[in-house]
């Protein structure tokens, strides 16, 4: 079954969604920080990444807020690590500038328009998107 890396710094929030994914037979690895995300990606490339756009501030040099940290992590995944796995973004952010930046990064790497789900994401909504993406692989 497909391997999914779920990146979010809110373990309680992740747990309810990962339970739903695991109940469907997906193998889910949790990462709650920039460091654990990068470590996981160095060990193996998942079939899909679910990425919270806001991560703890200051985890990366030059990131003085959580929004910059999440966007920078996205850049590292695509630009430096060259990970091509599809990404579903989950966020409370409703900023057209941030969404445009994510879209530019994805286009630069030949990815389709990003799927950005607003928190609080329902398990059924996430499962639908996961199935759609993985059916294309």
Residues being more than 23 Å from residue 16 (Cα to Cα) and in a helix (DSSP H, G or I) - total across the stretch 101-134: 8
Tally time: how many residues in the stretch 8-24 are farther than 21 Å from residue 131 by Cβ and exposed (fewer than 13 other Cβ atoms within 10 Å of the Cβ)? 3
Within the stretch 25-42, residues being free of Cβ contacts under 8 Å to residues at least 60 places away in the same chain, within 20 Å of residue 127 (Cα to Cα) and either touching a strand residue (DSSP E or B) at 6+ places or on another chain (Cβ under 8 Å) or surrounded by 15 or more Cβ atoms within 10 Å (Cβ to Cβ) (or both) number 5
Among (1) surrounded by fewer than 16 Cβ atoms within 10 Å (Cβ to Cβ); (2) modelled with pLDDT under 90; (3) closer than 21 Å to residue 133 by Cα, which single condition is residue 99 missing? (1)
Output for Cβ contacts, cut-off 7 Å, separation at least six or different chains, first residue free of Cβ contacts under 8 Å to residues at least 24 places away in the same chain in the stretch 4-24, second surrounded by 13 or more Cβ atoms within 10 Å (Cβ to Cβ), reads 11/32; 14/6; 14/8; 14/30; 18/6; 18/28; 18/30; 22/28
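Can you tell me which residues in the stretch 111-127 are surrounded by fewer than 12 Cβ atoms within 10 Å (Cβ to Cβ) and at pLDDT 90 or above?
Within the stretch 111-127, 124 is the sole residue that qualifies.
Do the conditions hold for residue 125, that is, is it touching a strand residue (DSSP E or B) at 6+ places or on another chain (Cβ under 8 Å) and free of Cβ contacts under 8 Å to residues at least 12 places away in the same chain? Please lay out each step first, then the result.
On the way: touching a strand residue (DSSP E or B) at 6+ places or on another chain (Cβ under 8 Å): yes; free of Cβ contacts under 8 Å to residues at least 12 places away in the same chain: yes.
Considered against the rule, which asks whether it is touching a strand residue (DSSP E or B) at 6+ places or on another chain (Cβ under 8 Å) and free of Cβ contacts under 8 Å to residues at least 12 places away in the same chain, residue 125 comes out as yes.
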Identify, please: which residue in the stretch 43-69 is out of contact with any helix residue (DSSP H, G or I) (no Cβ under 9 Å at 6 or more places or on another chain) and assigned to a helix (DSSP H, G or I) and is, among those, modelled with the highest pLDDT? 43
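The values are calculated or read from the model by the stated rules, or taken from the named source; none is laboratory data. From a predicted model like this one, the values you see are computed outputs, not experimental measurements. Heads up, the Cβs are rebuilt from the backbone with ideal geometry, glycines too, and the neighbour counts pull from every protein chain shown.
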